[in-house]
Amino acid sequence: MRFAPVLHAEWLKVRTVRSLPGALFALFAVTTAFSAVAGVDGASDPESDPLFTALSGAAVGQIAAVSFGAMAVSAEYHNGALRLSLGAVPRRGRWFAAKITAIAVPTLLVGLPAALAALLAARAGLGDTASGLSTAEQVRGVLGCGVYLTLMALLAAGLATLLRSGVATLSVLIPFILVVSFVIGDAAGTAADFLPDRAGQVVLRQTPEGTLGPWTGLAVTALWAAAALLAGAWSLRRRDA
């Protein structure tokens, strides 16, 4: 079977499993809503980073992105669905590439509008506080936010393929994002800058702080996602369906 029909089949799964479009809708909704609230609160703090404030909803939206990536893969491990998928597409690498593409493209297509909507909603609340943002900084923030959310979804997809469980994946990643980066990360010094969420979120700042720049930070997150996908691909090839 060629790649195009395999991709089409995987897209049908994403579109028809109710929880998956719901996760994408949540990604858009919470990213926009939390940024709008942050914009109102940030208007009273002229010392804050206006770009990071405007796109701070991504810190919550990434949970929906992670959930989408994990659930899209873990659905294959329910009721023998993976055996049927691999029976139709014996080349496991081709099937996995189609699955990952069917996760990455919708996440990016939702993540970019979500980032733009978040920026516009937050700017309305920030008022004059956001007047110093240049067009290039805002474009970089929106593009970087969309790519960052996509990479987090792929990180979850790779880990879910390795662990064969959406619950296990979310149990690892969500505490890691919410606890490790903010609690343990502060005690780890500059090493914390290379955690996947911290590194990727540097692109959301008007004035980056720390070891990494906007695009190098995003590259570090991409390496984390690539490592998870490679581990997942290895597990898929080595283990029985």
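The values are calculated or read from the model by the stated rules, or taken from the named source; none is laboratory data. Small disclaimer: the values here were computed from a predicted structure and weren't measured. Glycine gets a Cβ as well: all are built from the backbone with ideal geometry, and neighbour counts include every protein chain shown. We work out accessible area using only protein heavy atoms, side chains counted, and drop any ligands, DNA or RNA first. Shrake-Rupley method; radii C 1.70, N 1.55, O 1.52, S 1.80 Å.
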(message) Taking Rg and Dmax of the Cα atoms in Å straight from the coordinates, which label in (1) 18.4, 59; (2) 17.3, 52; (3) 17.6, 58 is the correct one?
(response) (1)
(request) With unit charges on the beta carbon (Lys/Arg positive, Asp/Glu negative), name the residue among 111, 162, 90 whose Cα is farthest towards the positive pole of the charge dipole of the chain. (result) 90
(message) Run the simple label-point estimate for residue 79 and residue 165 please: 7 Å along Cα→C-beta, distance reported in nm.
(response) 2.1
(request) Using only Cα atoms, locate the centre of segment 186-235 and the centre of segment 21-85, then give the distance between them in Å, rounded to an integer. (result) 17
(request) Find me the longest stretch of the chain that has none of the exposed GluC sites (Glu not before Pro), where exposed means in a DSSP loop (not H, G, I, E or B) with at most 16 other Cβ atoms within 10 Å. (result) 48-208
(request) Specify, per residue and in Å³, the volume enclosed by the convex hull of the alpha carbon atoms belonging to segment 1-74. (result) 87
(request) Working from Cα positions, state the angle (0 to 90°, nearest 10) between the long axis of helix 214-238 and the longest principal axis of the chain. (result) 10
(request) With a probe of 1.4 Å, find how much accessible area the chain has per residue, and write the answer as a whole number in Å². (result) 46
(request) Could you check the simple spin-label distance between residue 101 and residue 143, using points 7 Å along Cα→Cβ, in nm with one decimal? (result) 2.3
(request) Label segment 1-144 by shape, choosing from rounded, prolate and oblate, from the square roots a ≥ b ≥ c of the eigenvalues of the Cα gyration tensor; if a/c is under 1.5 it is rounded, and otherwise prolate applies when a/b is larger than b/c, oblate when it is not. (result) prolate
(message) Under the rule a/c < 1.5 gives rounded, and otherwise a/b versus b/c splits prolate from oblate, where does segment 76-164 land using the Cα gyration tensor?
(response) prolate
(request) In debye, nearest 20, what is the charge dipole magnitude of segment 1-60 about its Cα centre with +1 on Lys and Arg Cβ and -1 on Asp and Glu Cβ, if you could check? (result) 720
(message) How tilted is helix 3-16 with respect to the longest principal axis of the chain? Cα atoms for both, answer in degrees (0 to 90, nearest 10).
(response) 70
(message) Compute, for the chain, the length of the dipole vector about the Cα centre, with Cβ point charges of +1 (Lys, Arg) and -1 (Asp, Glu) only. Units Debye, rounded to 20.
(response) 1640
(request) With a 1.4 Å probe and every protein chain kept in, tell me what percent of the accessible surface of segment 5-83 is carbon plus sulfur. (result) 67
(request) Determine the calculated [θ] at 222 nm for the chain from helices alone, applying -39500 (n - 2.57) to every DSSP H run no shorter than 4 residues and normalising by the residue count; nearest 500 deg cm²/dmol. (result) -24000 deg cm²/dmol
(message) Test of understanding: what is the full-extension gain from residue 227 to residue 13, defined as 0.36 nm times their sequence separation minus their Cα-Cα distance?
(response) 74.5 nm
(request) May I ask you to derive the FRET efficiency for residue 174 and residue 238 from their Cβ-Cβ distance with R0 = 22 Å, giving the value to the nearest 0.05? (result) 0.20
(message) Output the 0 to 90 degree angle, nearest 10, between the alpha-carbon long axis of helix 135-163 and the longest principal axis computed from the alpha carbons of the chain.
(response) 30
(request) For residue 57, list long-range residues whose amide hydrogen, built 1.01 Å from N in the peptide plane, is under 5 Å from its own amide hydrogen. (result) 35
